[in-house]
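Everything below concerns the one structure shown next.
The values are calculated or read from the model by the stated rules, or taken from the named source; none is laboratory data. Just so we're clear, the structure is a prediction, and the values are computed from it rather than from any experiment. Every residue, glycine among them, receives a Cβ derived from its backbone with ideal geometry; neighbour counts consider all protein chains shown.
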Amino acid sequence: MEYDFYTTDVFTTQKFGGNPLAVFPNAAGLDTPTMQKIAREFNLSETIFIFPPDDRANTVKVRIFTPYFELPFAGHPTVGGAFVLATIGQIPLDGPVTHISFEEGVGIVPISIYADDAGNVTKAVLSAAVVPEVMGDAPSAELMETVLTLEPGDVLSQDLSPEIVKAGTPRLFVPVKNRNALANIQIDVAKWRQQLPGTRSVYAYCTDPEGGESDLRGRMFVVSDTGGMYEDPATGSAVTGLAGYLAQQSDQKDGTLRWLMEQGFEMGRPSYLEIEADIADGVCQAVRVGGASVMVSRGSFSV
């Protein structure tokens with residue numbers, strides 16, 4: 001049987017930037033082992049499969065796979081999947097902003113799709129299904145310097161410090177002092193596995209971006225079940241968690257905080273992620289992440 005697919009670059013306005021994504025807009029009939037094999041065949045950060053919703057109040061049900069395992073939620077497949085479905089007409093547009101919802105493993109994810117006057121999709125913005133939760137018990141700055149192979153003082157430990165935040169998936173966030181320190185990171189996989197048991201991903205970031213309009217710059221590292229390490233060029237679910245932590249640390253206690261995150265520059269895949277966090281009395285109430293995407297290719301997959 002033939003299944004149509006599209007690939008798109010997410011969190012960018014230029015082909016070959018951002019984070020590549022494979023989208024199967026009509027995946028009915030595919031079982032879990034087959035979807036996992038397809039995701040491994042594409043070997044992208046994630047592949048998203050679209051199904052009819054379980055609840056007709058929602059737009060679609062989606063399942064998201066890395067080459068190694070299924071995820072309950074991921075940002076760039078959600079944003080990129082919405083972009084593709086709207087661009088190919090599978091989701092009709094209601095004007096400048098179209099509101100839809102995805103059923104994901106973490107829950108219902110609301111998404112806003114933005115279009116220009118000509119009906120071209122300009123960006124998609126997701127609202128996190130769960131509010132980020134700071135978990136505590138994070139490793140020390142000194143330990144993270146050994147895992148990231150950085151110099152003493154490169155990992156911050158005062159106003160910002162290493163922290164574990166759960167936003168669907170727990171992640172370890174590590175602030176470093178500047179862009180040079182971020183670029184110098186070399187993961188010691190053996191020390192990671194020894195010193196950070198159970199930690200699957202590390203998101204290192206700094207407040208020293210390259211772009212004049214950006215606020216932050218980050219790098220995302222993941223250790224796979226097979227023992228290897230890879231870097232992700234743009235990670236929407238990670239910055240969802242980071243927004244919750246930064247909101248908690250902010251001097252502003254009410255209103256909406258906004259950041260523009262750079263990621264993927266060290267990989268040659270520049271990405272820009274727009275982030276918002278609503279706070280009240282110093283507590284994060286909601287997080288939104290979005291950005292542009294571009295279509296790259298289409299084809300069919302024979303199963």
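Return yes or no: is GLY268 in the same structural domain as ALA183 (by TED's automatic domain parsing), more than 19 Å from SER112 (Cα to Cα) and in contact with a strand residue (DSSP E or B) (Cβ under 6 Å, 6 or more places away or on another chain)? Considered against the rule, which asks whether it is in the same structural domain as ALA183 (by TED's automatic domain parsing), more than 19 Å from SER112 (Cα to Cα) and in contact with a strand residue (DSSP E or B) (Cβ under 6 Å, 6 or more places away or on another chain), GLY268 comes out as no.
All of GLY198, GLY153 fail the test of being modelled with pLDDT under 90, among the small types (Gly, Ala, Ser), out of contact with any Ser or Thr (no Cβ under 9 Å at 6 or more places or on another chain) and farther than 30 Å from GLY89 by Cβ, apart from GLY198. When the range 210-240 is filtered for residues that are polar (S, T, N, Q) and in a loop (DSSP other than H, G, I, E, B), the ones remaining, listed by number, are SER214, SER224, THR226, THR235. Being among the small types (Gly, Ala, Ser) and outside any loop (DSSP other than H, G, I, E, B) is the filter; apply it to the range 91-140 and report the residue that is modelled with the lowest pLDDT. Checking each candidate, the answer is GLY107. Got at least one residue in the range 282-293 being at positive phi, touching a Lys or Arg at 6+ places or on another chain (Cβ under 6 Å) and modelled with pLDDT under 95? Yes, the range 282-293 contains a residue that is at positive phi, touching a Lys or Arg at 6+ places or on another chain (Cβ under 6 Å) and modelled with pLDDT under 95. Cβ separations smaller than 6 Å between residues 6+ apart or across chains give the following pairs from the range 7-25 residues that are assigned to a loop (DSSP other than H, G, I, E, B) to residues that are at pLDDT 95 or above and among the basic types (Lys, Arg): GLY17/ARG269. Residues that are more than 17 Å from GLU231 (Cα to Cα) and free of Cβ contacts under 8 Å to residues at least 40 places away in the same chain within the range 181-206 comprise GLN194, PRO197, GLY198, listed in sequence order.
Mind listing whichever residues of the range 259-284 are in a strand (DSSP E or B), in contact (Cβ under 8 Å) with a residue 40 or more places away in the chain and over 15 Å from the mean Cα position of the chain (by Cα)? Answer for the range 259-284, where residues must be in a strand (DSSP E or B), in contact (Cβ under 8 Å) with a residue 40 or more places away in the chain and over 15 Å from the mean Cα position of the chain (by Cα): just CYS284.
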